[in-house]
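Visitor: Sharing a structure with you now.
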Amino acid sequence: GRRRSVPSEVFEIQRDVAGAIANIAIGRGNKDKVADSGAIYPLIQLATSPNANVQRQAARALFALAGSEKNQREILKCKGLMPLLNLLSSSKVEVRKHAAGAVANIATNKDIKSEIIQSGALEPLLQATKSSDKHVQKQAVRGLRNLGVKDINVDVMSCEYRRFASEMFEYVDADVEF
């Protein structure tokens, strides 16, 4: 049969719910409470939405929630890394920024670094360092740094990006939360 299109109101509701969860999760002490309420898996599902506004808010919420070690493991357990890595190639800067931030936060967890690398995270993060947006670049560099990448392959980066990356390695705190 013919696939029915999703009414725009549904996307608006999904965007608003994910945005509200993100706003709550950003608050001090709320990350684990939000995750304990069962929010991580539905947010991962929303991150795969065809709607960029829904993707942006879901990635923003996961970025905030990934500030907690327990949630970092839960995001991986719920298969949330690939949707976040896929969002790094979004045409929307805000989607890429929040997705890169979420991956960077998850990468602060020493216990799961090898799993993140084996999932293929390095290439999308490396590509994100080439973004024209400094915020996307910063989060991608932070993610690479958190994964233990100290030298970025200079063949794929122009001098400007290399200079920016070296500045980021000096100034970005590897364990900064959103």
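The values are calculated or read from the model by the stated rules, or taken from the named source; none is laboratory data. Keep in mind it's a predicted model, so treat the numbers as computed, not measured. Note that each Cβ is placed from the backbone with ideal geometry, even for glycine, and that neighbours are counted across all protein chains shown. These area figures cover heavy atoms from the full protein model, side chains too; ligands, DNA and RNA do not enter into them. Shrake-Rupley method; radii C 1.70, N 1.55, O 1.52, S 1.80 Å.
Visitor: Based on what the data block shows, is GLN14 modelled with pLDDT of 95 or more, buried (at least 21 other Cβ atoms within 10 Å of the Cβ) and over 18 Å from HIS135 (Cβ atoms)?
Guide: It is true that GLN14 is modelled with pLDDT of 95 or more, buried (at least 21 other Cβ atoms within 10 Å of the Cβ) and over 18 Å from HIS135 (Cβ atoms).
Visitor: When you go through ALA35, ALA25 one by one, which is the residue that is in contact with a Leu (Cβ under 7 Å, 6 or more places away or on another chain) and closer than 22 Å to SER90 by Cβ?
Guide: From the options ALA35, ALA25, the qualifying one is ALA25.
Visitor: Would you be able to say whether some residue in the range 46-57 is part of a helix (DSSP H, G or I), charged (D, E, K, R), out of contact with any Lys or Arg (no Cβ under 7 Å at 6 or more places or on another chain) and open to solvent by 10 Å² or more (accessible area, probe 1.4 Å)?
Guide: No, because not a single residue in the range 46-57 is part of a helix (DSSP H, G or I), charged (D, E, K, R), out of contact with any Lys or Arg (no Cβ under 7 Å at 6 or more places or on another chain) and open to solvent by 10 Å² or more (accessible area, probe 1.4 Å).
Visitor: Another question, then. Kindly list the number of the only condition in (1) modelled with pLDDT of 95 or more; (2) open to solvent by less than 90 Å² (accessible area, probe 1.4 Å); (3) closer than 20 Å to GLY101 by Cβ; (4) not acidic (Asp, Glu) that fails for GLY38.
Guide: All conditions are met except number (3).
Visitor: Determine which single condition ILE40 fails, assuming it passes every other condition in (1) over 22 Å from SER90 (Cβ atoms); (2) aliphatic (A, V, I, L, M); (3) touching a residue at least 12 places away in the same chain (Cβ under 8 Å).
Guide: Exception for ILE40: condition (1).
Visitor: Kindly establish whether VAL6 is exposed (fewer than 15 other Cβ atoms within 10 Å of the Cβ), hydrophobic (A, V, I, L, M, F, W, C) and in contact with an Asp or Glu (Cβ under 9 Å, 6 or more places away or on another chain).
Guide: no
Visitor: Let me ask another. Quick check on the range 17-33: of everything there that is charged (D, E, K, R) and without any contact (Cβ under 8 Å) to a residue 40 or more places away in the chain, which residue is most open to solvent (accessible area, probe 1.4 Å)?
Guide: Residue satisfying both the conditions and the ranking: ARG28.
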